[in-house]
Structures are given as C-alpha cells and as structure tokens.
1. Find the Rg to Rh ratio for region 172-223, where Rh is the Kirkwood radius over alpha-carbon pairs and Rg uses the same atoms.
2. Mind listing the phi-derived Karplus ³J(HN,Hα) values for region 72-77, rounded to whole Hz, using 6.51, -1.76 and 1.60 with θ = phi - 60°, and x for any glycine or proline?
3. Could you order the peptides 186-199, 247-260 from most to least packed, using the average number of other C-beta atoms within 10 Å per residue?
4. Pairs to check: 117/157; 99/239; 140/255; 83/255; 72/99. Give those whose C-alpha atoms are more than 27 Å from each other in this structure.
5. Can you give the FRET efficiency for residue 129 and residue 182, using 1/(1 + (r/R0)^6), R0 = 25 Å, r = Cβ-Cβ distance, to the nearest 0.05?
6. Per-residue HN-Hα couplings for region 183-198, Karplus 6.51 cos²θ - 1.76 cosθ + 1.60 at θ = phi - 60°, whole Hz, x for Gly and Pro?
7. Expected output is a single nm value to one decimal: the length gained when fully extending between residue 154 and residue 72, i.e. 0.36 nm times separation in residues minus the C-alpha distance. What is it?
8. List every residue whose amide H lies under 5 Å from the amide H of residue 248, counting only residues 5 or more places away in sequence or on a different chain, with H placed 1.01 Å from N in the peptide plane.
Amino acid sequence: MLINTTIAIAIMAFLANAAPAPAPADGSMPSTTPISNKTDSAPAAPLPTDITKQLFLADTAADRYTLLPEDKNFVFNFNDSTKFNKGGKGGDLIAANRKTFAPLVGTGSGMAVGFLKGCGFNTPHVHPRATELQIVIKGKVITEMVPENGVFNVPNKPESGRRVIRNELGPFQMQPFYQGSVHSQFNPDCEEAQFIASFNAEDFGTGQVADELLALDGEMFTAAFGEAVDAEELEKFRKQIPASIAEGVASCLQKCNIKKSY
C-alpha cells in the first residue's frame, strides 16, 4: 500500500508541474519556456564522404547516432534542386537512398519524389531490389506495369497476350509496382504532375529497360528481336534513346503545343 501511495503522490506532483499556467487576468497569453532552442536555419556540417561505410561498420545501432551528431543530419530536403538526378527533358526525380541520405542505413527503406512536366513520360524501368508504392500528389498519372512471364490476359492462355496492368491515378491515389516488374508513368496533361514513391529497400536501384536492351551486343540484340530490327540501324537506335524521363507521346505533345526537342 505504501508503494502505491508513493507512486500516486509522484504522479500527482508531475501532473501539477506539467499543467499549463493559467491565463493572466489581462487576457494576454501566458509566457512559455521553449523546450529547445535548436531553431537556427544554418545547414548541418557536411558529413564525411565515407559516412555510409562508417554507419555500416558501427558495432551497434546506438553507435550510429554518434556518427550523426546534428539533429539536421536526419532531415532530407526534397525541395533541394541540387539533388535532381537530371532525369531528362520531360521532368526529374529526387531519390533518397542510403547513398544520398546516410541515415537510411539499416532502415530497409527509401523514397523518391517525381516531377513530370506536361506530357512527361517516365520510361519503362525496373527496380531490382524493391517494390515501389507510388502515390500521386498533383495532377494525373497514367501507369502501366507488366508482370512476370506466365501472366496473361486470360489465365493459362498465352495466345490472349501478356497482361499489362494500366491505371489512371489522380491526387492521393496509389499503386504498387512489384519488385522486378517493368513499369512506367506518363503525365497525359499539359500541367506538371508530381508523385511520391516509397521503397522497401534503402538501395532500391533502377534500370531503364530500353537502355539496358540496347546495351547488349549487336548480334545478341538482333537475335532476340528476330527480323524486327535491322542490325545496321542498331547504333542509330542507341544514340536516340532518351533519358529516364522523356518528353512524352506525340498526341500529348501536339495537344499541349509542345515542340519535341532532339
């Protein structure tokens, strides 16, 4: 009984001290003491270039905090244009992975924010080490995803053709793109669209399908495509492959009066 009484007295004393101060009689707001004075806008000191390696080699997760001494080390700014990966003429993308944002080491997570200009097209690609959950936050995005071999429009009937999962997403609608699946995103409107993507890997990686295919040896490439591609045209194709975010399809460019640049 003595222990319970002591605990009760301690709790009451804590609540009394934590209670907000009464408002002054003149109606003004009571004065408060800030919890922390860490409100300066100065950027954090640069981290060592091998910080990712140091975080991996730390003996414990607790030791990692010593390697990240400033609170601001735990903030990633997607508004920082210097982080753009120069995606292409149709838009850009900022990725937070363990290389660009060291505190992700050990989390198994990553994120990206995409900016698709009018008619912008994030060309077909794969993420080799993660599933992507993508949510549109501005505008409209048309998505396509091609599953693995054996997934047909009519189950167990290859003659029905491969299934392509196609959707039109508006603000705050989401779609998963499974690890290793070929997928793309396209902005069909003239105004910018934006999306946020999360990944269940801190090093999710990306491979643009067309670029990877055209990197194959010429004979292997033409053998894979049969008579559909002339070997003499292969080098020309390689030079014309756009960056990851292209300007988009012709019908949209015409609708939005966007002159395609080459």
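We did not get these values from a lab; they are worked out from the coordinates using the rules stated. Computed from a predicted structure; not experimentally measured. All Cβ positions, even for glycine, are placed from backbone atoms using ideal geometry, and neighbour counts span all protein chains on display.
1. My calculation of the ratio gives 1.07.
2. 5, 4, 9, 10, 10, 9
3. Output ranking for 186-199, 247-260: 186-199, 247-260.
4. Cα-Cα > 27 Å for 117/157; 99/239; 83/255; rest within.
5. Step by step, r from the Cβ atoms, then E = 0.95.
6. 8, 8, 9, 9, 8, x, 9, 8, 8, 5, 10, 9, 9, 10, 10, 10
7. 24.3 nm
8. Those qualifying (amide H under 5 Å, at least 5 residues apart or on another chain) are 121.
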